[in-house]
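Asker: For reference, the structure I am asking about is given below.
The values are calculated or read from the model by the stated rules, or taken from the named source; none is laboratory data. All of these numbers come straight from a predicted model, not from anything done at the bench. Because the Cβ atoms are built from the backbone with ideal geometry, glycine has one as well, and the counts that use them run over all protein chains shown.
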Amino acid sequence: MTLNLIVGNKRYSSWSLRAALALELSGAPYTEQVIALNRPDTQARIREYSPTGKVPLLITEEGPVWDSLAIGEYLAERFPEAHLWPRGQYARALARSVCAEMHSGFVGLRTHMPMDLKRDEVLAEVPDDAQADIQRVCALWTDCRERFGQDGPFLFGHASLADAYFAPVAARLRSYQVDLPEVAAAYVATVYQWPAFQRWYQMALKEQLG
């Protein structure tokens, strides 16, 4: 059975993007089903697959796996040769730490700067909580790059689940034209040059789901 990923709109669904990038990192063949968000039948359609009524959801031979972090861990265990987590014990611990921070935090950034891959316009006023989140993101990226970026342009050198998790943040910062320090700006450029992200991004630009 081929893995099947249930996602929301490519333009808006940042959590779906994270799961899709994790699948791309795994190298596993998979199919994808897009369910339009914010429609009268959205919840009913998602609940045909997901017990939570949310996307993303990965359908495996053994059953469903929901939540992007669980999907990433499942894929990392199933395809260890793909090194979805970076090499090195501390590098993996730090990568898990930053993914967990993204998973549970940055509420100001997510609230005031929702992902919209077709947007290219500065926010008239960046609230203090969103600005604090941006500063934390930039510091986090700089720390990862300084510690582990010697072997490539991603947060831990090679592309990993940490990049899958922060790609939607990079997209937000570009979409809202945020002025960034050098390291953060270079990382955003890396994400936009990442073929896996580009495939999603180009499909998002053509999306007609609303």
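Asker: Every residue in region 146-177 that is basic (Lys, Arg) and either over 20 Å from Ala22 (Cα atoms) or touching a Gly at 6+ places or on another chain (Cβ under 8 Å) (or both), please.
Answerer: Of everything in region 146-177, those that are basic (Lys, Arg) and either over 20 Å from Ala22 (Cα atoms) or touching a Gly at 6+ places or on another chain (Cβ under 8 Å) (or both) turn out to be Arg147, Arg174.
Asker: Pick out the one residue from Ser68, Ser97, Ser50 that is without any contact (Cβ under 8 Å) to a residue 12 or more places away in the chain, at negative phi and hydroxyl-bearing (Ser, Thr, Tyr).
Answerer: Numbers: Ser68 fails: without any contact (Cβ under 8 Å) to a residue 12 or more places away in the chain; Ser50 fails: without any contact (Cβ under 8 Å) to a residue 12 or more places away in the chain.
Exactly one residue qualifies, and that residue is Ser97.
Asker: Could I ask something else about it? Given the structure, is Val55 of a type in the set (Val, Ile, Thr), closer than 18 Å to Ala171 by Cβ and surrounded by 15 or more Cβ atoms within 10 Å (Cβ to Cβ)?
Answerer: Yes, satisfied.
Asker: Separate question: In region 119-210, which helices (runs of 4 or more DSSP H) lie fully inside it and hold 1 or more residues that are free of Cβ contacts under 8 Å to residues at least 60 places away in the same chain, at negative phi and surrounded by 16 or more Cβ atoms within 10 Å (Cβ to Cβ)? Before the answer, list the steps.
Answerer: Details: elements: 128-148, 161-175, 182-193, 195-206.
Ranges flagged: 128-148, 161-175, 182-193.
Asker: Filter region 61-85 down to the residues that are closer than 14 Å to Pro51 by Cβ and within 17 Å of the chain's Cα centre (by Cα), then identify the one that is surrounded by the fewest Cβ atoms within 10 Å (Cβ to Cβ). Give the steps one after another, and end with the answer.
Answerer: Step one: of region 61-85, the residues closer than 14 Å to Pro51 by Cβ are 63-67, 70.
If we keep only those that are within 17 Å of the chain's Cα centre (by Cα) as well, we get 65-67, 70.
Details: Val65: 19, Trp66: 19, Asp67: 19, Ala70: 14.
Taking the candidates together, the pick is Ala70.
Asker: So which of Ser26, Ser50 ends up being among the polar types (S, T, N, Q), over 25 Å from Phe154 (Cβ atoms) and touching a Phe, Trp or Tyr at 6+ places or on another chain (Cβ under 6 Å)?
Answerer: Just one listed residue meets the conditions, Ser50.
Asker: Here is a further query. Looking at Leu94, is it at pLDDT 95 or above and over 14 Å from the mean Cα position of the chain (by Cα)?
Answerer: Spelling it out, Leu94 is indeed at pLDDT 95 or above and over 14 Å from the mean Cα position of the chain (by Cα).
Asker: Sticking with this structure for a sec: Taking only region 160-210 into account, find how many residues are among the acidic types (Asp, Glu) and out of contact with any strand residue (DSSP E or B) (no Cβ under 9 Å at 6 or more places or on another chain).
Answerer: Residues meeting the conditions: 2.
Asker: Shifting gears a bit: Considering region 86-113 alone, what residues qualify as being assigned to a loop (DSSP other than H, G, I, E, B), out of contact with any strand residue (DSSP E or B) (no Cβ under 9 Å at 6 or more places or on another chain) and buried (at least 18 other Cβ atoms within 10 Å of the Cβ)?
Answerer: Within region 86-113, Phe106, Met113 meet the criteria.
Asker: From (1) of a type in the set (Ser, Thr, Tyr); (2) within 16 Å of the chain's Cα centre (by Cα); (3) closer than 16 Å to Ser97 by Cβ, pick out the condition that doesn't hold for Ser175.
Answerer: Condition not satisfied by Ser175: (3).
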